[in-house]
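Structure first, commentary second.
Where a number appears in this text, it was derived from the coordinates with a stated rule and is not lab data. Quantities reported herein were computed from a predicted structural model and do not represent experimental measurements. Neighbour counts are summed over all protein chains in view; Cβ atoms, including those assigned to glycine, are modelled from backbone coordinates with ideal geometry.
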Amino acid sequence: MRVITKFALFASALVAAMPEQAQRKSLADAINLDLSLPQLYIDMMGERAGQGFAGIKMLNGARANVIPDAKAISQHLARKWATTGDNPILADVSQRVESFWHSNMPEMDLGWTNLFQLIDLRGSNQDSFDITDTNAGIVWTQTKPGGVTKPRREISESTTPVPYLTYNAGLGLLDDWLRFQKFWRVEQAVAEFRATAWDKQAELHYGLFTALSSGVNQAFATNDTTTFNNAASGILRAVRTKGYAAGQSARFWILCAPEHLGRILLMLEATQGSGIVANQAGMQPLAYSVAGVIASTHVPAASTGYYLVLPGRKIQRGVWTDLAIEGQRDIYTRAQDWVGTQQFNAIIGDSDQVKRVLFA
């Protein structure tokens, strides 16, 4: 993982001439810009942010992501960050952001963003969001001309609050790294800080699936495609009356360990009219659509199957605070200590949207 900030500039005469407080602010701004890049990409790309990158195989002709160009990035940055005239560290930032995204984003594990509906609470005064445990019980009835529709008003649905969780980590930058122009150490530290923060998010979001009980298991039946069809139809039947608009054409996602990716991709080739189906007696073609396959090392290698997921709906995640740092001088170690904070949480509000599909 690289950084986009030219930390070597902090050893230049231009920055050295700044007051100490201004130097610290410039360094904090530069680090925060680097730390913000993955979230910036997600904000710009929306639902497509986690498609076509590390460990994700898009299916059914779906397009992989296209990195925004420097012009689009510049327009977005202008609404969030200081202009280049305010801070020399941000010079040529748009071109470097584009370069960073081309080389770094494809390697990040963002597959989990495809599975969760985002509740954006950044800037909100709400410390939690609620997810309704059941549907509103809306019933459609036939009425005669002039008939009266009786709206349902006595709704006493139970809800589950999902409060924010705060995650922190510390990073210290020694004075001597900048004084003796060891800027590569600063770059390595910042890159690791950012990478581990996003890896923690991936770990926690995937962990909600791997922690599900055996109650979501789909037993193996005859072969992989038959088992898949049973699991998909089981999900659709379980959510049929929940107002999810999940019909026969609903698009599923598969989450698996990397060790099982080859087997799953082979299974997904068993479509109607394919040679695999024609040459294997009793094999069913796939009857349901899969948007993509997410292979993540956060799913244990010893897993005995994969996860079939109907995404969104009541599988939700909330974001309260993007990854950012606060700094404090430590005179005893001659270092600038930074503490990074991010606030988020997620929930699988309806386990009927998930099946753990077992292998033989």
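Select from the chain the helices, each a whole stretch of DSSP H, whose alpha-carbon atoms run 24 Å or more along the helix axis and whose Kyte-Doolittle mean is at least -1.0; answer none if there are none.
Numbers: long enough: 20-45 (38 Å, -0.14); 183-210 (40 Å, -0.31).
Answer set is 20-45, 183-210.
Please state, as a whole number in µm²/s, the translational diffusion coefficient that the Stokes-Einstein equation yields for the chain at 4 °C and 1.567 mPa s, with Rh defined as the Kirkwood radius across alpha carbon pairs.
Details: Rh = 23.3 Å.
Answer, rounded: 56 µm²/s.
Identify the residues of the stretch 243-269 with backbone N under 11 Å of a label point that sits 7 angstrom from the Cα of residue 223 along the Cα-to-Cβ direction, or state none.
It comes to 267, nothing else.
Whose amide H sits under 5 Å from the amide H of residue 169, counting only residues 5 or more places off or on another chain, with H placed in the peptide plane?
340
Simple spin-label model, 7 Å along Cα-to-Cβ: residue 276 to residue 44 in nm?
Each label point lies 7 Å from its Cα, and together they span 3.6 nm.
Restricting to DSSP H runs of at least four residues, report the calculated mean residue ellipticity at 222 nm for the chain, -39500 (n - 2.57) per run over all residues, nearest 500 deg cm²/dmol. Can you show the working numbers first?
Working: 9 runs with 112 residues, N = 360.
Estimated from H runs of four or more residues: -10000 deg cm²/dmol.
Quick one: which residues, 5 or more positions from residue 221 or on another chain, have an amide H under 5 Å from its amide H? H modelled 1.01 Å from N in the peptide plane, none for Pro or chain starts.
For residue 221, the qualifying residues are 227.
For a quick check: sort 194, 251, 179 by the number of other beta carbons within 10 angstrom, fewest at the front. Before the final figure, lay out each step's value.
Numbers: 194 22, 251 15, 179 12.
So the residues, fewest neighbours to most, are 179, 251, 194.
Hey, with R₀ at 30 Å, roughly what FRET efficiency would residue 130 and residue 249 work out to, going by the Cβ-Cβ distance, to 0.05?
Values: r = 30 Å, r/R0 = 0.99.
Computed FRET efficiency for residue 130 and residue 249: 0.50.
What ranking do 228, 180, 10 get, fewest neighbouring Cβ atoms within 10 angstrom at the top? Show your work: numbers first, answer last.
Details: 228 27, 180 11, 10 23.
With the sparsest Cβ surroundings first, the list reads 180, 10, 228.
Can you give me the orientation-averaged projected area of the convex hull built on the Cα atoms of the stretch 195-293, in nm²?
Values: hull surface 32.5 nm².
Here the figure is 8.1 nm², rounded to one decimal.
Just how far, in whole angstrom, is the stretch 287-344 from the stretch 236-260 if you go by their alpha carbon centroids?
22
With a 10 Å cut-off between alpha carbons and a GNM built on the chain, which of 233, 124, 26 moves the most?
Its mean-square fluctuation being the largest, the pick is 124.
Order these by the 10 Å Cβ neighbour count, fewest first: 29, 352. Don't skip to the end; give the middle numbers.
Values: 29 17, 352 20.
Final ranking by Cβ density, sparse to dense: 29, 352.
With springs connecting C-alpha atoms under 10 Å apart, model the chain as a Gaussian network and identify which of 38, 106, 300 has the largest mean-square fluctuation.
Of 38, 106, 300, the most mobile in the Gaussian network model is 300.
Suppose the chain between residue 333 and residue 211 were pulled fully straight at 0.36 nm per residue; how much longer would it get relative to their current alpha carbon spacing?
On the way: separation 122, 0.36 × 122 = 43.92 nm, distance 4.18 nm.
Length difference between fully extended and current span is 39.7 nm.
Could you work out the relative contact order of the chain, using alpha carbon pairs under 8 angstrom and six or more residues apart, expressed as a whole percent?
Numbers: 561 pairs, mean separation 91.0, N = 360.
Here the relative contact order equals 25 percent.
So, with +1 on the Cβ of K and R and -1 on the Cβ of D and E, and no other charges, what is the size of the charge dipole of the chain about its Cα centre, to the nearest 20 debye? Don't skip to the answer; put the middle values down first.
Values: 33 positive and 32 negative charges, 203 e Å.
Rounded to the nearest 20 debye, it is 980 debye.
On a 23 Å Cα-Cα criterion, which of the cross-link pairs 6/200; 144/242; 57/355; 314/355; 200/242; 242/355 come out too long? Before the final figure, lay out each step's value.
Values: 6/200 26 Å; 144/242 26 Å; 57/355 19 Å; 314/355 15 Å; 200/242 32 Å; 242/355 17 Å.
With Cα atoms farther than 23 Å apart: 6/200; 144/242; 200/242.
Give me the number: length gained by fully extending residue 203 to residue 60, i.e. 0.36 nm times residue separation minus the C-alpha to C-alpha distance, one decimal in nm. Could you put the intermediate results ahead of the total?
On the way: separation 143, 0.36 × 143 = 51.48 nm, distance 2.76 nm.
The residue 203-residue 60 span can extend by a further 48.7 nm.
Just to verify a number: FRET efficiency for residue 242 and residue 95, C-beta to C-beta distance, R0 = 45 Å, to 0.05?
Values: r = 47 Å, r/R0 = 1.05.
The calculated FRET efficiency here is 0.45.
If you average 1/r over every pair of different alpha-carbon atoms in the stretch 230-360 and take one over that average, what Kirkwood value in Å do you get?
Numbers: mean 1/r = 0.0556 Å⁻¹.
It is 18.0 Å.
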